């Protein structure tokens, strides 16, 4: 099912709308090396978005209309996937998104 999940960068307008949603996110850590994750995230989605945290690399993404963020912070060993609490996916979709992101971010090459 995870191969059916399409992950794309959020548009500028969508990223702006996300800021109005509030600050409550659910977090999921991926078991991937941060350097590999950063390289692959840039390859798939381009440069990271501006962030309020010093040194954070943040990709604001969409799965359909669902906001999904991938964050890699300097003090963390692995990336974190964030779902806004107002738009949390159901358990099956959440699992499929996490599997898809793990696959995309851990690719060799």
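The values are calculated or read from the model by the stated rules, or taken from the named source; none is laboratory data. Predicted model, so just to flag it, every value in this text is computed and none were measured. Glycine gets a Cβ as well: all are built from the backbone with ideal geometry, and neighbour counts include every protein chain shown.
Just a few scattered comments:
- Residue in region 63-71 that is touching a helix residue (DSSP H, G or I) at 6+ places or on another chain (Cβ under 6 Å), modelled with pLDDT under 95 and over 16 Å from residue 103 (Cβ atoms) present: yes
- Whether a residue is within 11 Å of residue 37 (Cα to Cα) and assigned to a strand (DSSP E or B) was assessed, and residue 71 passes this test.
- Unmet criterion (only one of (1) part of a loop (DSSP other than H, G, I, E, B); (2) exposed (fewer than 12 other Cβ atoms within 10 Å of the Cβ); (3) touching a residue at least 12 places away in the same chain (Cβ under 8 Å)) for residue 78: (2)
- Residues of region 4-32 classified as under 14 Å from residue 64 (Cα atoms) and surrounded by fewer than 14 Cβ atoms within 10 Å (Cβ to Cβ), total: 4
- Within region 19-37, being in contact with a helix residue (DSSP H, G or I) (Cβ under 9 Å, 6 or more places away or on another chain) and outside any loop (DSSP other than H, G, I, E, B) holds for 25, 26, 28, 36, 37.
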